[in-house]
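Data first, discussion second: the structure below is written as structure tokens.
Laboratory data are not the source of any read-out in this text; all were calculated from the coordinates shown. It should be emphasised that the depicted structure is a prediction, and the values quoted were computed from it without experimental measurement. Here Cβ is always computed from backbone atoms with ideal geometry, including for glycine, and neighbour counts include all displayed protein chains.
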Amino acid sequence: MHSLFETATASTTAIPITFATRTTWAAIADGLPAPARRFATANGFTAKPGRCLTLPGPDGQLAHVVFGLDDESDRARDPFRPGALPGLLPSGLYRFANAPHDARLATLAFALGAYRFGRYRKNEMPAVRLAPPDGVDIADVVRMAAAASLARDLINTPSNDMGPEQLAQAAQALAARFGASFTCIVGDELVKQNFPLIHAVGMASTRAPRLIDISWGDPSHPRVTLVGKGVCFDTGGLDLKPSGGMLIMKKDMGGAANVLALAQMVMDAKLKIRLRVLIPAVENAVAGNAFRPLDVFKSRKGPTVEIGNTDAEGRLVLADALALADEEKPDLLIDLGTLTGAARVALGPDLPPFYTHDETLAASVAAHAKTENDPLWRLPLWPAYDSWLDSKTADINNAPSGSFAGSITCALFLQRFVTEAKSWLHVDIYGWTPSAKPARPEGGECQAARAIYKLLSERYG
Ligand code: BES
Ligand code: MN
Ligand code: ZN
């Protein structure tokens, strides 16, 4: 990752990349040496967004790159378009010859677009490097890209190599790197220490459920606690998922992966907070001792929970983890999880919904989501739907019988377990890019972490 960016001393030898739009292309073409201009014309290059053309110099060597961007006025303008470049260019050292719409986001996109998951076979990406553009905080770009790689690697790793134990090991390695404390409550100890819902969801797996707990930073600083859903595989439990739905459920620890990515950025940037990270890490498996529909469990916080559907397991493990987080009255409590298919139905895979009662926080989340191109969209904690969680037997049901507003009712379920935190933010992420887009290779995705990192930097930097 760090070798992607080349120091400024080498930038004189770097191959220039000129960004053009359909509108600016004619003027840019006029400024090119005549053979290069003719070469571009012969290739029918018109700076169509996303089109890339490498131009030869007089010696036939690669001398120049032109790349099409959307016009400034285009509503669908994607600031991450330059993220396609690492996948299009041959090996070499490049520099931006002119400013793309947003040089910082273009540089970040370049770094994000250079990612490939290489754990199980050789990485065939050409060695493309970039001289950092002037005025871009390259350390911060590298920090964000490294965090995205961590989240993507964790999500892309299949469940046979990323069970609760391996997820805990990844968390422990991160804690060790930054001198954070790490503890983990495993298996039956969860029952003894009163985490009944985490245990109930995870007990059918041969891979023991656990609660990961990391703390870092000055205890006198404002307390920010991150909670991430770490379901290392979600079969749906006894209310088994259909095969199509189960196919990508290795990604169901995407919330955990993203809180670890966020924690890495926070610790690396040494933000002035007391950080805590809680990850309930479980496998929602099928076995004779699996929890069942209509089982009732008392939650850590107290209310009894009736299981309407064992596939609504994420909210169960988060409920106990949120209850623990809430006990120390954090200044800010944030949870991320791949909680509902309904979130994707409402907003699609690239735009996770977020929920909070804190208006100031909501405005800030939305603003940073936009400036970081880490899109998030607010949905309401609609009070009138709260009664949909009523159970005939227990204090609350984990899965309303209807299928309306599924992401909202999940958020309302979680809300029952947060009463003391000064401010609470919940994000129902997807954590996955179904088909590759610039800067977003297909597979595991870092979502919400960059926007929240920037929000925290602004508050506590
Ligand atoms: N992990 C899934 C949610 C999910 C499904 C995320 C597909 C992304 C893609 C979660 O555990 C789940 O199964 N939720 C159920 C809840 C329902 C049973 C109330 C869902 O969304 O169908
Ligand atoms: Mn599920
Ligand atoms: Zn799940």
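Numbers at a glance
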| item | result |
| --- | --- |
| Per DSSP, loop chymotrypsin sites (Phe, Trp or Tyr not before Pro) in segment 352-430 with at most 15 further Cβ within 10 Å | 404 |
| Cα-centre dipole for segment 2-136 with unit charges at Cβ (Lys and Arg positive, Asp and Glu negative), debye to 20 | 480 debye |
| Leading residue at positive end of dipole, the chain (Cβ point charges), from 285, 373, 243 | 373 |
| Part-to-part distance (alpha-carbon centres) for segment 371-434 and segment 76-114, which is given in Å | 36 Å |
| 15 Å beta-carbon shell around residue 195, net charge (K/R +1, D/E -1) | 0 |
| Tail fraction, Cα-Cα pairs, segment 79-166, threshold 20 Å, whole percent | 40 percent |
| For segment 158-212, diffusion coefficient by Stokes-Einstein and Kirkwood Rh (Cα), 20 °C, 1.002 mPa s, µm²/s | 181 µm²/s |
| Charge context of residue 355, other residues only, Cβ under 12 angstrom, K/R +1, D/E -1 | -2 |
| Per-pair calculated FRET efficiency, R0 = 35 Å: residue 119 and residue 62 via Cβ, rounded to 0.05 | 0.65 |
| Value in Å of the Kirkwood radius, where segment 111-270 supplies the Cα pairs that are averaged | 17.6 Å |
| Extended-chain gain in nm, criterion 0.36 nm per residue less alpha-carbon gap, residue 419 and residue 43 | 129.1 nm |
| Estimated FRET transfer efficiency (residue 176, residue 30; beta-carbon r; R0 56 Å; 0.05) | 0.50 |
| Rough spin-label spacing in nm, given labels placed 7 Å along Cα→Cβ, for residue 206 and residue 98 | 6.2 nm |
| Sparse-neighbour loop sites [trypsin sites (Lys or Arg not before Pro); segment 362-417; at most 16 other C-beta within 10 Å; DSSP] | 392 |
| Set 229/250; 251/301; 298/392; 48/437; 272/454; 241/301 screened for pairs whose C-alpha atoms are more than 19 Å apart | 251/301; 241/301 |
| Distance in nm between pseudo-label sites at residue 382 and residue 165 (7 Å out along the Cβ direction from Cα) | 4.5 nm |
| Per-selection metrics, the chain (Cα): Rg and Dmax in Å | 23.7, 81 |
| For q = 0.12, 0.13, 0.14, 0.17 Å⁻¹, Debye-computed log10 I/I(0) when each Cα of segment 2-136 counts as one equal scatterer | -0.46, -0.54, -0.63, -0.92 |
| Residue-count net charge about residue 217 - beta-carbon cut-off 15 Å; Lys, Arg +1, Asp, Glu -1 | +2 |
| In segment 409-454, the GluC sites (Glu not before Pro) that fall in loop regions by DSSP, at most 13 other Cβ within 10 Å | 420, 442 |
| Cα-projected label distance for residue 77 with residue 127, points at 7 Å along beta-carbon direction, nm | 3.6 nm |
| Check: the chain dipole with +1 on Lys, Arg Cβ and -1 on Asp, Glu Cβ, in debye | 840 debye |
| Principal axis dimensions, largest first and in whole angstrom, of segment 262-370 by Cα | 47, 34, 26 |
| Segment 278-299 versus segment 156-174: alpha-carbon centroid distance in Å | 20 Å |
